[in-house]
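Beneath this line is the structure, given in structure tokens, with notes to follow.
The values are calculated or read from the model by the stated rules, or taken from the named source; none is laboratory data. The structure displayed is predicted, hence computed values, not measured ones. We place every Cβ from the backbone using ideal geometry, glycine too, and count neighbours over all the protein chains shown. Note: areas computed on protein heavy atoms with side chains; ligands, DNA, RNA excluded. Shrake-Rupley method; radii C 1.70, N 1.55, O 1.52, S 1.80 Å.
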Amino acid sequence: MSLRTTATDYVEDVSPGRGTLPPRARYASSDAASLSLNGRWRLRLSATADAEDDAFAAPGYDAGDWAEVTVPGHWVLQGDGAFGAPAYTNHLYPFPVDPPYVPTENPTGDHLRVFDLPEGWPAPAGGDDAVLRFDGVESCARVWLNGTDIGEFKGSRLPHEFAVGALLKPAGNVLAVRVHQWSAGSYLEDQDQWWLPGIFRDVTLLHRPAGCAGDFFVHASYGHATGEGTLRVDSETGGRVTVPELGIDVATGEPVTLPVDPWSAETPRLYDGVLATAGERVPLRIGFRTVALEDGLVKVNGKAVLFKGVNRHEWHPERGRALDPDTMREDVLLMKRHNVNAVRTSHYPPHPAFLDLCDEYGLWVVDECDVETHGFVEQDWRDNPTDDDRWTPALLDRAARMVERDKNHPSVVMWSLGNEAGTGRGLTAMADWIHSRDPARPVHYEGDHDCRDTDVYSRMYLPHAEVERVARGLDGGSRRRRDLPLVLCEYAHAMGNGPGGLADYQALFERYDRLQGGFVWEWIDHGIRHPELGYAYGGDFGEELHDGNFVCDGLLFPDRTPSPGLIEYKKVIEPVRIEAGDAAGTVRVTNRYDFADLSALEFTCSHQVDGRTAGARRLAVPPLAPGESAEVELPEAPDGEGAEVHWTVRALLADTTPWAGAGHEVAWGQGAVTHRPAVPAAGPGSGVRPVADGGRITLGPASFDARTGAVRTIAGVAVEGLRLDVWRATTDNDDGAPWQPDTRYGPLWRELGLHRMRHRTVAVETGGAGSGGGDGEALVVRTRVAPAGREQGLGVTYRWSSDGTLVQLAVSVVPEGGWTVPLPRLGIRFGLDASVTGSVRWFGGGPGEAYPDTSAASRLGRWEAEVPDLQTPYVRPQENGARADVRWAELGGLRIEGDPVFWFTARPWTSERLDAARHLTDLVPGDTVWVNLDHAQHGIGSQSCGPGPLPRYELWAGPAEFSFVFSGQRGSG
Ligand code: IPT
């Protein structure tokens, strides 16, 4: 005998649901009445699915003592912790893998909302003249209207509609929705993100007048050879289609062909039209374009496109995946302003309004279905729902809900079956169905490396060398695959500091036709705003299973501030390349758009003398067609009188566009006119010598501790703890992902002890020849820098000299013992009194941070910043903030000139503190500003999920010499 109630069996039922209407095309508006049911709802939380009966759904139920939540929303992000907490796992299911069963502890939110029909709502005509639509509920909902059970559904990020006309009353309608956090559907929704239950997208009541539009399919193709578009709107309910601008007035189902401007992500030309049925007028936004697989390439309107894409999860640091229209628009504007041209809706169909924006502003969209079963990888994909016929109806239901909803968007150029779901018959069934329903769009799926079901060869996180092998057709693979283009649906893992190597990927994408670009992982950090921690990540809510800050791996910080990774990406993918021409005094400009010429841009040229800009002028650049380039003469450079001179050419929007104002910088380039003059050596031959006086040694304007050789002051500025430094607070990419096959240096650095190097003073030498060392003109300090327990070390010589005004420190480093790992960094560090440090001025790369393989966007110039503003606020603190190619820097009364140029970092805490911090709020500025002057840095790479830095960006220990000239700050520079 079973005592268990059967009322909740649907929760663990693999079928998609009961009672819902067939999926259909989505449109933003029509002249039919609608009523938003968003707002404040009553909420009662239970710990299990069956804790409460359905009495609450009956009219007259008194929910006066229930809590309230905002819909759309996730209950765990509301109520200040009273409604449970979010939980983050990457691919592990946060419950036992026992499909289709879910835990008995299954947080269940009963939602209640009473509503009246607004004035003017058409009088009930009897029958089904109203539809109740849910745009997204995680993960399973059962719905009652006015006490009648109308059904239940799964498929969290997909729409579900019910016919409710017969149940509606003019006033006092009771809508009851029981939402279960876990259901059989959860097995299909194992995306790498927070588990966030709730009614997180809109709830809407739609009037469906007699003769209203049903499903319809806008086919708007473009013949690039003829310049003509063909429009045909297939509609369940017949009617007429009008497009006034084109003079179109045809019956549904009837094709019409005429000259049009095509739609592309670069030129998002939309035509306003109307589908008029007997009972409804539906506005259409029509974009003519044809997507086809031709010559082994994905072509739009006859041209192969290069995807410069991002993977976008829906995210807001307070509202989770409940996105408001402004946030969606902000995402699109930020993408457009950063030269992004494509978005993969990882890993589920987005809020439908996002696709309207992509149509309008112009972005190529890979629309991905809400399917991921990644956790089954732990059991070698055994029992994977995508290869189990019992689940196929649910998979097909999801495919249909996506395709039917989104098929009328010109921006959607590919359908994606889902993510990380293994391979199996269910996926094949999805692909077959999609191919037959919409033959005009290619199908994407990464998990199928043989491309049985797909029309592009998609991979994630391939190393550069592997990408090149595929590009050259050397990777083998199935017959079908060999004829398909490669798209990296994920690459360049933007977790923490990074991703590195973007420019090197882009160079490959541009070089080989078979490579059609990729999508950086990912758009935004999913940090959750937290009162004590700043932004919370996995584990911060006490989850028993979690993946820490792996959820913070975006190009935007959680508050949508662009991270240096996005600035770098913008530069790397800029649609105009500006570089030194072959002839002296010229610049080569190349149009790298796929469709647009350069007529929307204007160009300026300026020259910089020692980094200081001397006037900017317009530069006449012809309106080059895509792929064309021209060499343009630069204006005459000013006479630098021995100083370093370079030019900067910028491509700016000539006019305001929908996504950025006139003058917005799209691309830029720099080149040298004259190179940096030699740094004056301070000391040798000047006659200034170190003078010992008790415990002190004086050398020109510097003083030292006579016993240790440690510098104490330079030009009257107290200098603390100056010494060689090789450690950096490891980045997420240094630490690497456990599954990444290459050597991960972060853990090896720590194992070797590079974070606890000891400095043994070998000798402090001031004498001339015969006094045991030194040349009489210099203070020479010899040390050995090494970790406890190991033989590896660095022999370091600090050679101080002065001409009476300047003080030069020449450092030479000789590795000892066998080094089997590269160094994190190589340079010196020292402390300055924070109370007098003031702002930092420098001539070198800026304004933002750069590392060896993230330095494309580092622009040579003069920059100034306060020390706190030099920090990059990675959600999990780690090495950050280095400025590249620094000629000189000034701070705290010191001027430091490097020979050669150096990496400059200044922070209000030590690297050790930075290393120990888990959240930004752990970092508290101290009394000392710590300055690193690095001769070299190890690259960044992408190993938090993908490959490490390319070999040329690794910093292997070897003999090194570098020097710095210190003097009092000049004030004006
Ligand atoms: C890949 C996933 O597709 C994506 O959702 C995300 O988890 C990303 O990794 C890492 O942030 S899968 C990985 C095993 C390559």
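Observations
- Region 423-458 - residue that is of a type in the set (D, E) and either open to solvent by 30 Å² or more (accessible area, probe 1.4 Å) or not in a loop (DSSP other than H, G, I, E, B) (or both) and, of those, farthest from D295 (Cα to Cα): D432
- Residue pairs whose Cβ atoms lie under 6 Å apart, sitting 6 or more positions apart in sequence or on different chains, and linking a residue in region 325-342 that is within 12 Å of W659 (Cα to Cα) to a partner that is aliphatic (A, V, I, L, M) and surrounded by fewer than 19 Cβ atoms within 10 Å (Cβ to Cβ), are R337/A660.
- Residue count for region 696-745 under the criterion of being more than 16 Å from the ligand (Cβ to nearest atom) and part of a helix (DSSP H, G or I): the result is 2.
- In region 80-110, the qualifying residues are those that are open to solvent by less than 40 Å² (accessible area, probe 1.4 Å) and under 28 Å from the mean Cα position of the chain (by Cα), and the one that is nearest to E372 (Cα to Cα) is H91.
- Conditions (1) without any contact (Cβ under 8 Å) to a residue 24 or more places away in the chain; (2) buried (at least 22 other Cβ atoms within 10 Å of the Cβ): number failed by A778: (1)
- Checking each residue in region 641-659 for being in contact (Cβ under 8 Å) with a residue 12 or more places away in the chain and hydroxyl-bearing (S, T, Y) picks out T648, T657.
- The residues listed here are D853, D869; of these, the one that is farther than 15 Å from G827 by Cα, outside any strand (DSSP E or B) and open to solvent by 30 Å² or more (accessible area, probe 1.4 Å) is D869.
- Any chance L488 is away from the ligand (no atom under 16 Å from the Cβ) and hydrophobic (A, V, I, L, M, F, W, C): no
So that you can scan it fast, the table gives a plain yes or no per residue for (1) within 16 Å of the ligand (Cβ to nearest atom); (2) modelled with pLDDT of 95 or more; (3) among the aliphatic types (A, V, I, L, M); (4) within 32 Å of the chain's Cα centre (by Cα):
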residue	(1), (2), (3), (4)
R208	no, yes, no, no
G214	no, yes, no, no
H224	no, yes, no, no
S264	no, yes, no, yes
V291	no, yes, yes, yes
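- Of all residues in region 888-929, those being within 28 Å of the chain's Cα centre (by Cα) and over 30 Å from H530 (Cα atoms) number 2.
- Residue within region 316-325 that is touching a Ser or Thr at 6+ places or on another chain (Cβ under 8 Å), among the charged types (D, E, K, R) and within 16 Å of the ligand (Cβ to nearest atom) present: no
- Selected residue [in contact with a Phe, Trp or Tyr (Cβ under 8 Å, 6 or more places away or on another chain) and either assigned by TED's automatic domain parsing to the domain that holds Q181 or more than 22 Å from G147 (Cβ to Cβ) (or both)] from G64, G73, G79, G39: G73
- Within region 610-630, the set of residues being more than 25 Å from R676 (Cα to Cα) and either touching a helix residue (DSSP H, G or I) at 6+ places or on another chain (Cβ under 7 Å) or acidic (D, E) (or both) comprises V621, P623, L624, E628.
- Hey, G309 open to solvent by less than 20 Å² (accessible area, probe 1.4 Å), farther than 30 Å from D80 by Cα and either in contact with a Pro (Cβ under 9 Å, 6 or more places away or on another chain) or not small (G, A, S) (or both) or not: no
- Per the listing E330, E360, E420, E378, the residue uniquely over 29 Å from A651 (Cα atoms), assigned to a helix (DSSP H, G or I) and open to solvent by 10 Å² or more (accessible area, probe 1.4 Å) is E378.
- Count of region 491-531 residues, restricted to those that are within 16 Å of the ligand (Cβ to nearest atom), assigned to a strand (DSSP E or B) and either open to solvent by 10 Å² or more (accessible area, probe 1.4 Å) or touching a Leu at 6+ places or on another chain (Cβ under 8 Å) (or both), is 6.
- For region 193-206, filtering for residues that are under 30 Å from F541 (Cβ atoms) and either open to solvent by 10 Å² or more (accessible area, probe 1.4 Å) or away from the ligand (no atom under 16 Å from the Cβ) (or both) leaves 8.
- Total residues in region 573-609 satisfying the condition of being touching a helix residue (DSSP H, G or I) at 6+ places or on another chain (Cβ under 7 Å) and aromatic (F, W, Y): the figure is 0.
- Of all residues in region 134-149, those satisfying the criterion of being surrounded by fewer than 20 Cβ atoms within 10 Å (Cβ to Cβ) and touching a residue at least 60 places away in the same chain (Cβ under 8 Å) are N146, G147, D149.
- Condition check for P626: under 27 Å from L333 (Cβ atoms) and open to solvent by 20 Å² or more (accessible area, probe 1.4 Å): yes
- Residue in region 160-192 that is nearest to the ligand (Cβ to nearest atom), counting only those that are small (G, A, S), surrounded by fewer than 19 Cβ atoms within 10 Å (Cβ to Cβ) and not in a strand (DSSP E or B): G165
- Which numbered condition Y461 misses (of (1) within 16 Å of the ligand (Cβ to nearest atom); (2) under 26 Å from F354 (Cβ atoms); (3) open to solvent by less than 20 Å² (accessible area, probe 1.4 Å)): (3)
- Scanning region 394-411 for residues that are under 13 Å from F217 (Cα atoms) and among the charged types (D, E, K, R) turns up E404, R405, D406, K407.
- Residues of region 848-870 that turn out to be out of contact with any helix residue (DSSP H, G or I) (no Cβ under 9 Å at 6 or more places or on another chain) and not charged (D, E, K, R), as a count: 6
- Checklist (1) at positive phi; (2) within 16 Å of the ligand (Cβ to nearest atom); (3) open to solvent by 10 Å² or more (accessible area, probe 1.4 Å); (4) not β-branched (V, I, T) applied to G941, failing item: (3)
- For region 465-484, the criterion of being within 16 Å of the ligand (Cβ to nearest atom) and charged (D, E, K, R) is satisfied by at least one residue.
- Subset tally (residues that are part of a strand (DSSP E or B) and either surrounded by fewer than 21 Cβ atoms within 10 Å (Cβ to Cβ) or not aromatic (F, W, Y) (or both)) for region 878-928: 20
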